[in-house]
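K.L.:
Here it is, the structure, as structure tokens.
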Amino acid sequence: MTQLKISAPVHGQPLTIGSGFQAQHFGEQMFAGLIDPVVMVDHFHMTATTFEPHPHAGISAVTYMFEDAASPHVNYDSMGNQGPIVPGALHWLAAGRGAVHTEQPEGVNPHVHALQIFVNLPASKKMQAPFAVHAEPADIPEYHAPGVRVRVAAGSSNGIQAAHTAALPEAFTLLDGFLDPGQHFAHVLEPGWNAMLYAISGPLQLQAAGQTADIPAGSAVGIGLDATAVQGAELQLHAATGSHFVLLSGPALNEPLVKHGPFVMNSADEINDRIRAYQRGEFGQLNDDWLHNSRQPA
């Protein structure tokens with residue numbers, strides 16, 4: 001029995017909220033467990049304030065800004081963090097037992113292009129105090145080869161490691177890669193890790209452990225390597241016509257998963273406990289700056 005599993009390609013589901021938010025949505029249930037610990041990914045464009053302040057618990061809410069975003073995405077949270085997430089930056093909110101935040105485009109004619117990623121926290125860390133990790137574009141190292149550029153926004157690949165990874169609640173890799181026509185890139189998936197490989201633009205071909213998967217543009221596959229594997233599996237990515245891709249990867253938690261909107265816990269009782277805690281005001285609140293800025297004309 002093969003120790004490496006690759007799902008069928010999954011095309012993102014269109015998601016529109018109001019007039020200022022359009023996304024391709026991917027949920028963990030689309031990949032038969034093969035992207036655990038990733039719970040959800042929205043590849044979005046936002047041109048207007050869309051979301052009121054809202055709570056999270058039991059997960060990390062991660063924003064990765066693509067370099068071609070035309071304006072910053074401004075973060076406000078109940079821990080007192082406030083400031084822009086600029087194009088090319090990473091902002092990681094480890095919500096733990098509960099936090100409130102909002103992120104919104106600001107300025108004249110804003111256009112945010114980014115990923116919103118929910119990364120599950122293990123049961124042992126779901127009730128830890130919330131905290132945030134922020135990496136500016138200059139903090140994100142890159143791997144270069146002829147016709148290849150890969151930003152290592154978290155984790156490591158090909159000997160390149162993002163220093164801020166040590167501050168994250170769990171090991172995780174986030175790669176943002178660009179392949180010229182006819183080029184290829186390889187990344188080693190460790191035993192017990194899962195991955196989501198998303199072809200943002202341009203199709204990809206994935207070869208690994210004697211298997212081949214063709215990934216159309218706008219689609220993603222889940223990849224899982226059994227923890228009993230004696231060594232990592234090399235994921236070989238080929239781009240016949242050029243491609244922009246993202247790879248998200250982390251150790252599989254293999255724990256019960258109960259979701260309720262922005263809360264992800266291990267049981268319904270834990271979900272209800274976090275809802276009550278939020279209603280009691282235990283997640284904190286934002287100052288009024290976000291409200292003032294959200295009313296400014298675009």
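Just so it is clear, none of the values below were taken in a lab; they were calculated from the coordinates. Bear in mind that the values here come from a model prediction, so they are computed numbers and not experimental data. Neighbour counts run over all protein chains shown; Cβ positions are idealised from the backbone, glycine included.
K.L.:
Once both labels are modelled 7 Å past Cα along the beta-carbon direction, what's the residue 139-residue 161 spacing in nm?
P.N.:
Calculated label separation equals 1.7 nm.
K.L.:
Under a crude label model (7 Å from the Cα following the beta-carbon direction), how far is residue 79 from residue 15 in nanometres?
P.N.:
Taking the simple label geometry, residue 79 and residue 15 are separated by 2.3 nm.
K.L.:
In terms of the Cα gyration tensor, with a ≥ b ≥ c the square roots of its eigenvalues, is the stretch 106-157 rounded because a/c is under 1.5, prolate because a/b exceeds b/c, or oblate?
P.N.:
Working: a/c = 2.48, a/b = 1.28, b/c = 1.93.
Oblate, since a/c reaches 1.5 and b/c is not below a/b.
K.L.:
Additional query: Classify the stretch 190-246 as rounded, prolate or oblate from the Cα gyration tensor: take a ≥ b ≥ c as the square roots of its eigenvalues, call it rounded if a/c is under 1.5, otherwise prolate when a/b beats b/c and oblate if not. Kindly include the intermediate steps, with their values, before the conclusion.
P.N.:
Details: a/c = 2.86, a/b = 2.03, b/c = 1.41.
It is prolate, given that a/c is not under 1.5 and a/b is the larger ratio.
K.L.:
Between residue 32 and residue 228, 0.36 nm times their residue separation minus their Cα-Cα distance comes to what? Show your work: numbers first, answer last.
P.N.:
Details: separation 196, 0.36 × 196 = 70.56 nm, distance 1.93 nm.
So the extension gain works out to 68.6 nm.
K.L.:
Ok, one more. Only Lys, Arg, Asp and Glu count, each charged at its Cβ (+1, +1, -1, -1), so figure out the dipole size of the stretch 121-268 about its Cα centre, rounded to 20 debye.
P.N.:
Value, rounded to 20: 300 debye.
K.L.:
Evaluated at 37 °C with a viscosity of 0.692 mPa s, what Stokes-Einstein diffusion coefficient in µm²/s does the stretch 4-287 have when Rh comes from the Kirkwood expression over alpha-carbon pairs? Spell out each step's value before the answer.
P.N.:
Values: Rh = 19.1 Å.
Result for D is 172 µm²/s.
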